[in-house]
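Asks: The structure that follows is given in the form of structure tokens.
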Amino acid sequence: MNSLIVKALGFAAILIIATIVVVKQMHIDLSDPINAITIIGAIAIAVLTAGVSAKYISQMKSDTASGELADENWDGIGEYKNELPSGWAYAFLGTIVWALWYWTIGYPVDAFSQIGQWNEEVKTYNKKFEEVHKNADQATLQQMGESIFLVQCAPCHGVTGDGLSGKAQDLTKRMSKEQVLYVIKNGQNQLGYPMGAMPPGMASGEAAEKIATWIANGSKGTPPAEFAVCASCHGADGKGNNGMSPNLTEYDQPLVEHVLKQGKKGMIGRMPAFHGRFTPVQVKALATYINTLKDN
Amino acid sequence: MQSNAALEYDYSVAKLFTITAILFGFVGMLIGTLIAAQLAFPELNYLLGEYGTFSRLRPLHTNVVIYGFTVSGVFATFYYLAQRVLKVSMAESKFIMFIGKLQFVLYMILAVSMVVTLLLGITANKEYAQMEWPLDLLTVVVWVLWGVAMFGLIGMRREKALYISMWYFIACFLGVAMLYLFNNMEVPTALVAGVGSMMHSVSMYAGTNDALVQWWWGHNAVAFVFTVPIIAMIYYFLPKESGQAVYSYKLSLLSFWGLMFVYLWAGSHHLLWSTVPDWMQTMGSVFSVVLILPSWGSAINMLLTMKGEWNQLTENPLIKFMVLASTFYMLSTLEGPIQAIKSVNAIAHFTDWIPGHVHDGVLGWVAFMIMAGIMHMAPRMYKRELYSKKLVEAQFWLQTTAVVLYFTSMWIAGITQGMMWRAVDEYGNLMYSFIDTVTVLHPYYAIRALSGVLYLTGFLMFAYNIYKTATAGRKLENEPQFRTPMA
Amino acid sequence: MFHWLEKNPFLFSVGVFIVIAFAGLIEILPNFAEAARPVVGLKPYTVLELAGKEVYKKDNCIACHSQLIRPFKAETDRYGQYSLSGEYAYDRPFLWGSKRTGPDLHRVGNYRTTDWHENHMWDPTSVVPGSIMPAYKHMFTNKADIETAYAEAVTVKTVFNTPYGDDIKPGREAWEAYKPKVIEEAKKIAADMKNQDVKDAVNRGEVPEIVALIAYLNRLK
Ligand code: HEM
Ligand code: HEM
Ligand SMILES: [Ca+2]
Ligand SMILES: [Ca+2]
Ligand SMILES: [Cu+2]
């Protein structure tokens, strides 16, 4: 083959290989049909453009101009009455025939529904991951939780879950002293626990301080005596009475479920509700993951 | 005057538009380079206060390069070559001369208003149709004046049959007129409400309809601003510069009518997977693929025109520019159709692969042709030799490297980004947060910024070369018939 | 035959025009009425939201953000329900965008909140390390043009029958009467914000651009 064509194809090959290498580094699955078609398309662009243009350019070296000139001449520019290049003409005809086939027989214009395709895609997805999701063990849940967290929650809570210096809840700890005092003072009613509302002013002054300090320090050891008022709802250990009210000692699954369903507006700010955005497994995964954050 | 006597062509209007093409070319690409750098180094957003963010500057870049640089280039080459292929001189009609100059003055007012309003954030916010309604009105006037000049010159022509370049200029005029009018139908709100800003309007169309009309325009603005008049240029400048006859009339004819017919249908490839009905999307997708051939037809015709002229290609840098322009034109008109295939578009749309495709066309084809055209015209307009061949050579290699860097970096960036958005981990959850897909692009954005610097440097060399040609180039006794003389 | 049509510029131009004109008719017109219909329950933008949309347009967020969720699982997982035509019935112009340097925003109101936007627009990297989005600090001091936003509401009501109440009507007097409602709405947003200057401005009866913008972003659901 002509050296120009070889060089051009060489360039095309480098571009394609570079693309594939970079993409592969990102752990992309190239057997996914959309990805595969895209790579094939990219190859077609590079190879056809390089090959065909190099072919014509190399003709500048090897061929000579010829043909019958038309009578007209514009500012010294003449015009040959040459026939169409046959490759071009057949390709043009080919695409026209292909288009007609496409509309009438292949994929009649009204036959495709992109929403239908989305439904199919979801169905296929569900089938593919049904097994993984049904019997997910702790490790799986934690990994799942982490990836969901990084995509959906990290913009507020930070990649490490630390709440970005007070911009959102610091999920590595349960609650700060200020937050507990804030709830004690104002009460709270938004998470939708069976117990309903927590009334304001359950404690005050010294007592409130003591309770808040205990909770903020991780609810370790026996609670202060003042906690008795709280215990009636949150349980003697503060763990929320089997899901009747929030667990004050850790992010257990019911808590995460309630927060994701209802959202929450607290002392720090507002957390949006994610109701309907996650499957039950995903919520479980998030809870599992968040619960591991405290250990780090 | 006799039809075969040598005419004294008048280039005063062509010269004016040449200057604005260079000026806006520089400003537009400077902004392009800045916004490219901003994506790699975000601190650069704060050089000009609220007027310097990427988002304010981006439409300024597109509008200045399109309506400043490209359109000036179109007018400049039109006022130059229309006289020559029609065999009439602007000097023969005071009226047309007046129209041409008036068009220039109003055009300048328009361009300056455009820059000022966009900087201030006064925008209708439809891509490539950002100008608010008072500027639209002025645009219509400028365009009509161009039409008057065009059909005036045609009416006076001595050459019976219209040369191919004129077909394309006529199409450019009609196409833009039709599309621009419909896309800019808007209601000025202050006129209805009696309160609020006079510069504000709402589109006549809402939502999906607005999208359809907008991309009917947006896509065909590519056709009638970035393609059709540039083909007009290459059909004149390449045969003229090389002294070769156009390879095939039949190919010219079929490519032209094919392009006219097919282009308009393809607009909905900008709306694939949107809320536009599926059948419209399919139409756009299929017609885009058919569009490859009429597009390639012109490019092939030009490459075949150079058959046997290898020595011209190696010796004349202007020929190099134009041959490479045809090649980049082929690249973008194959890349576009492939990106218009629905499955490919699912990846490509919204990613950097699209700006990559765009700049194959605009840097490698549009700007190459305009610069080559100006370098061909300058010695004839100023009756001086082109100042430096070495500069042209250096410019060519610098800018070619720039285009290659631009499109390879954005090609890889776009494909990577598109695939990362879709990627799912082994448990079926999204593999990447959005910001992961942003930070991974940093090196590619940096490479593009570098390519901008290279291209801009080349453009400065070009501007300097033209300036020196006009002021200090060796005087020419006779106008060269074909090849442009350069020192 | 040779050069036949090209010797007749008038016919030639008519030919070109016909060839380029009819594709538009066939592709655009058939669906026009259908696509103009709003989805059930869609409310027109409030004046404050419109003012926010103007800020979004003025600072050209469309340069980096789309508002169109395509029907792919990867996209509905990331952003929520795919977009429907009828949801855009009051969008003049449409703001789908063509480039996602940043994420889609069509439903950002579902998963971001006032205080988050406040932090983010002031300094994106403070919440998303590595973000390349510019900070828009000037929005905290610039005042939104609520009067023009009102004019827009009047216009779409008058010309396109967008269902606004009777209190949206032409004239300065009507606007003066309406203005307090806009301020009220702005106060609700400002209440969730921390920037004291912004809160003070709203209490003075002014609307900083950021307040209007957040009202608009919260509305995107
Ligand atoms: C056969 C010819 C072509 C076809 C079928 C085609 C197709 C396309 C497609 C599919 C897109 C991407 C739409 C998206 O997903 O966002 C696009 C974008 C674009 N193309 Fe082409 N293209 C062609 C030639 C060209 C040429 C020659 C140029 C310039 C010289 C050009 C300039 C552009 C521009 C400016 C955009 C960006 C539009 C936007 O802002 O989104 N195209 N084209
Ligand atoms: C120094 C050379 C140039 C550089 C560095 C440059 C850079 C850029 C950048 C960074 C963007 C924004 C891409 C994004 O949003 O991701 C852009 C957009 C664009 N540029 Fe350029 N540009 C240059 C020259 C030109 C020229 C000469 C033209 C036209 C004649 C042009 C036409 C466009 C268009 C149409 C877009 C919009 C593309 C879209 O929306 O998809 N650029 N350019
Ligand atoms: Ca306009
Ligand atoms: Ca775009
Ligand atoms: Cu297009």
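Asks: Condition (residue is within 16 Å of ligand 2 (Cβ to nearest atom) and surrounded by fewer than 22 Cβ atoms within 10 Å (Cβ to Cβ)) applied to segment C:74-94: is it met by at least one residue?
Replies: No, segment C:74-94 contains no residue that is within 16 Å of ligand 2 (Cβ to nearest atom) and surrounded by fewer than 22 Cβ atoms within 10 Å (Cβ to Cβ).
Asks: Right, something else. Could you go through segment C:140-156 and let me know if any residue there is more than 22 Å from the chain's Cα centre (by Cα) and either not assigned by TED's automatic domain parsing to the domain that holds C:M121 or not small (G, A, S) (or both).
Replies: Checked against the condition, which is being more than 22 Å from the chain's Cα centre (by Cα) and either not assigned by TED's automatic domain parsing to the domain that holds C:M121 or not small (G, A, S) (or both), segment C:140-156 yields no hits at all.
Asks: Here is a further query. Note down all Cβ pairs under 6 Å where the first residue falls in segment B:115-144 and is within 15 Å of B:S201 (Cα to Cα), the second is charged (D, E, K, R) and assigned to a loop (DSSP other than H, G, I, E, B), and they're at least six residues apart or on different chains.
Replies: B:I122/B:E132; B:A124/B:E132
Asks: Go through (1) more than 16 Å from ligand 4 (Cβ to nearest atom); (2) in a helix (DSSP H, G or I); (3) within 20 Å of the chain's Cα centre (by Cα) one by one and return the number of the condition B:L118 breaks.
Replies: With respect to (1) more than 16 Å from ligand 4 (Cβ to nearest atom); (2) in a helix (DSSP H, G or I); (3) within 20 Å of the chain's Cα centre (by Cα), B:L118 is out only on (1).
Asks: For segment B:258-297, give me the residue count where each residue is more than 16 Å from ligand 5 (Cβ to nearest atom) and out of contact with any helix residue (DSSP H, G or I) (no Cβ under 7 Å at 6 or more places or on another chain).
Replies: Summing the residues that are more than 16 Å from ligand 5 (Cβ to nearest atom) and out of contact with any helix residue (DSSP H, G or I) (no Cβ under 7 Å at 6 or more places or on another chain) in segment B:258-297 gives 1.
Asks: Filtering segment A:140-169 down to residues that are away from chain B (no Cβ under 14 Å) and either over 24 Å from B:M431 (Cβ atoms) or touching a strand residue (DSSP E or B) at 6+ places or on another chain (Cβ under 6 Å) (or both), which residue is surrounded by the fewest Cβ atoms within 10 Å (Cβ to Cβ)?
Replies: In this case the residue turns out to be A:S165.
Asks: Then there is this: Could you figure out which of (1) at the interface with another protein chain (Cβ under 8 Å from one of its Cβ atoms); (2) closer than 23 Å to B:Y235 by Cα; (3) crowded, with 24+ Cβ neighbours inside 10 Å isn't true of B:A193?
Replies: Every condition holds for B:A193 apart from (2).
Asks: Additional query: If you check B:A402 against the conditions, is it within 12 Å of chain A (Cβ to nearest Cβ) and touching a Phe, Trp or Tyr at 6+ places or on another chain (Cβ under 7 Å)?
Replies: no
Asks: Before we move on, is C:V16 in a loop (DSSP other than H, G, I, E, B) and away from ligand 1 (no atom under 16 Å from the Cβ)?
Replies: Answer is no for this residue.
Asks: Is it fair to say C:L25 is under 24 Å from B:W265 (Cα atoms) and either in the same structural domain as C:A144 (by TED's automatic domain parsing) or assigned to a loop (DSSP other than H, G, I, E, B) (or both)?
Replies: When the stated conditions are applied, C:L25 does not pass them.
Asks: B:V115: surrounded by fewer than 23 Cβ atoms within 10 Å (Cβ to Cβ), within 16 Å of ligand 2 (Cβ to nearest atom) and at pLDDT 95 or above, yes or no?
Replies: Yes; evaluated as a whole, the condition is true for this residue.
Asks: Does any residue in segment A:92-115 that is in a helix (DSSP H, G or I) come within less than 9 Å, Cβ to Cβ, of a residue that is exposed (fewer than 13 other Cβ atoms within 10 Å of the Cβ) six or more places away or on a different chain, and which pairs are these?
Replies: A:W98/A:G106; A:Y102/A:P108
Asks: Considering only segment A:170-270, give the helices (runs of 4 or more DSSP H) lying wholly within it that have at least 3 residues that are away from chain C (no Cβ under 14 Å) and without any contact (Cβ under 8 Å) to a residue 12 or more places away in the chain.
Replies: A:228-234
Asks: Residue by residue through segment B:271-286, note down the ones that are facing another protein chain (nearest Cβ under 7 Å) and part of a helix (DSSP H, G or I).
Replies: Result: B:D278, B:W279, B:M280, B:T282, B:M283, B:V286.
Asks: Taking into account only those residues within segment B:344-387 that are of a type in the set (V, I, T) and more than 13 Å from chain C (Cβ to nearest Cβ), which is farthest from ligand 4 (Cβ to nearest atom)?
Replies: My answer is B:I374.
Asks: Still on this structure, I have one more. Going by what's in this entry, would B:L137 be described as within 12 Å of ligand 3 (Cβ to nearest atom), within 18 Å of B:Y107 (Cβ to Cβ), part of a helix (DSSP H, G or I) and more than 8 Å from chain C (Cβ to nearest Cβ)?
Replies: Taking the combined requirement at face value, the residue satisfies it.
Asks: Something else now. Kindly check whether there is at least one residue in segment A:67-83 that is surrounded by 12 or more Cβ atoms within 10 Å (Cβ to Cβ), facing chain B (nearest Cβ under 7 Å) and assigned to a helix (DSSP H, G or I).
Replies: Checking segment A:67-83: not a single residue is surrounded by 12 or more Cβ atoms within 10 Å (Cβ to Cβ), facing chain B (nearest Cβ under 7 Å) and assigned to a helix (DSSP H, G or I).
Asks: What tally of residues in segment C:191-217 results from selecting those that are farther than 15 Å from C:H120 by Cβ, surrounded by fewer than 24 Cβ atoms within 10 Å (Cβ to Cβ) and not β-branched (V, I, T)?
Replies: Counting residues in segment C:191-217 that are farther than 15 Å from C:H120 by Cβ, surrounded by fewer than 24 Cβ atoms within 10 Å (Cβ to Cβ) and not β-branched (V, I, T) gives 10.
Asks: If you don't mind, there's one more thing I want to ask. Only one residue in B:K342, B:K390 is surrounded by fewer than 24 Cβ atoms within 10 Å (Cβ to Cβ), more than 29 Å from C:P71 (Cβ to Cβ) and away from ligand 3 (no atom under 16 Å from the Cβ). Which one?
Replies: The unique qualifying residue is B:K390.
Asks: Please go through (1) closer than 16 Å to B:I435 by Cα; (2) within 16 Å of ligand 1 (Cβ to nearest atom); (3) more than 7 Å from chain B (Cβ to nearest Cβ) for C:L105 and return the number of the only condition it doesn't satisfy.
Replies: It fails just one condition, (2).
Asks: Considering only residues of segment B:44-79 that are more than 28 Å from C:Y56 (Cα to Cα) and of a type in the set (S, T, Y), which is farthest from ligand 2 (Cβ to nearest atom)?
Replies: The residue in question is B:Y79.
Asks: B:I338 is checked against (1) more than 10 Å from ligand 1 (Cβ to nearest atom); (2) in contact with a Gly (Cβ under 8 Å, 6 or more places away or on another chain); (3) aliphatic (A, V, I, L, M) and fails just one. What number does that condition carry?
Replies: (1)
Each row is one residue, and each column tells you yes or no for (1) touching a Ser or Thr at 6+ places or on another chain (Cβ under 7 Å); (2) more than 7 Å from chain B (Cβ to nearest Cβ).
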| position | (1), (2) |
| --- | --- |
| C:Q67 | no, yes |
| C:A74 | no, no |
| C:L84 | yes, no |
| C:A89 | no, no |
| C:R112 | no, yes |
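Asks: From the list B:L23, B:L7, which one is away from ligand 3 (no atom under 16 Å from the Cβ) and modelled with pLDDT under 95?
Replies: The conditions single out B:L7.
Asks: Please find, within segment B:303-318, the residue that is nearest to B:L253 (Cα to Cα) out of those that are more than 7 Å from chain A (Cβ to nearest Cβ) and surrounded by fewer than 24 Cβ atoms within 10 Å (Cβ to Cβ).
Replies: Looking at the filtered set, the residue picked out is B:Q312.
Asks: Which ones in segment B:237-260 are more than 7 Å from chain A (Cβ to nearest Cβ), more than 15 Å from B:P294 (Cβ to Cβ) and either crowded, with 24+ Cβ neighbours inside 10 Å or acidic (D, E) (or both)?
Replies: B:F237, B:L238, B:E241 - these are the residues of segment B:237-260 that are more than 7 Å from chain A (Cβ to nearest Cβ), more than 15 Å from B:P294 (Cβ to Cβ) and either crowded, with 24+ Cβ neighbours inside 10 Å or acidic (D, E) (or both).
Asks: Report yes if C:Y56 is part of a loop (DSSP other than H, G, I, E, B), touching a Phe, Trp or Tyr at 6+ places or on another chain (Cβ under 8 Å) and not β-branched (V, I, T), otherwise no.
Replies: When the stated conditions are applied, C:Y56 does not pass them.
Asks: Are any residues in segment B:412-448 surrounded by fewer than 24 Cβ atoms within 10 Å (Cβ to Cβ), under 30 Å from B:F69 (Cα atoms) and of a type in the set (G, A, S), and if so, which ones?
Replies: Of everything in segment B:412-448, just one residue is surrounded by fewer than 24 Cβ atoms within 10 Å (Cβ to Cβ), under 30 Å from B:F69 (Cα atoms) and of a type in the set (G, A, S), namely B:A446.
Asks: Within segment B:54-78, count every residue that is closer than 22 Å to B:Y406 by Cβ and either without any contact (Cβ under 8 Å) to a residue 60 or more places away in the chain or aromatic (F, W, Y) (or both).
Replies: Total satisfying the criteria: 10.
The values are calculated or read from the model by the stated rules, or taken from the named source; none is laboratory data. In this text, all values refer to a predicted model and were calculated from it rather than measured experimentally. No Cβ is skipped: glycine too gets one built from the backbone with ideal geometry, and neighbour counts run over all protein chains shown.
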